[in-house]
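We did not get these values from a lab; they are worked out from the coordinates using the rules stated. Model, not experiment: these values are computed from the prediction. Cβ sites come from the backbone with ideal geometry, for glycine too, and all protein chains shown count toward neighbours.
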Amino acid sequence: MKINGILTLNYKTEDNASLIYNSLEVDNGNYVKSKINKNTINYEINSDSLGSFLATVDDLIASEIVCEKIINKTNDL
């Protein structure tokens, strides 16, 4: 079975989107293709099983949350 999905993330600024895109791009393997357009990142996730698909999406979202928290803490300084 082939499972595909698209996750779209919108940010307040292009700088934030760029920082997160560049931070997460290193970790993306063959299962995730990403594109950035201004303040929006689109992730295309492809997998051969539901379990792998869900694990990939979970890892991606967890990593994004960490990046977002770092940006927010840095902006507070």
Sorted on mean Cβ neighbours within 10 Å (highest first), peptides 53-60, 2-9 come out as 53-60, 2-9
Looking only at lysines whose Cα falls under 21 Å of residue 35's and that sit 8 or more positions away or on another chain, we get 12
Diffing the range 4-17: the Karplus 3J(HN,Hα) column from phi (6.51, -1.76, 1.60, θ = phi - 60°), in whole Hz with x for Gly and Pro, holds 10, x, 10, 10, 10, 10, 10, 10, 5, 10, 5, 4, 4, 4
Computed over the range 3-76, the relative contact order (Cα-Cα under 8 Å, seq sep at least six) in percent reads 36 percent
For Cα extents along the principal axes in Å, with candidates (1) 33, 28, 17; (2) 47, 21, 18; (3) 53, 27, 16, the value calculated from the shown model is option (2)
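Using the Cα centre as the reference, give the magnitude of the dipole from point charges on the C-beta atoms of the chain (Lys, Arg: +1; Asp, Glu: -1; all else neutral), rounded to the nearest 20 debye. Write out the running numbers ahead of the final one.
Numbers: 7 positive and 11 negative charges, 37 e Å.
Rounded to the nearest 20 debye, it is 180 debye.
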Between the Cα axis of helix 50-76 and the main Cα principal axis of the chain, the angle (0 to 90°, nearest 10) is 0 degrees
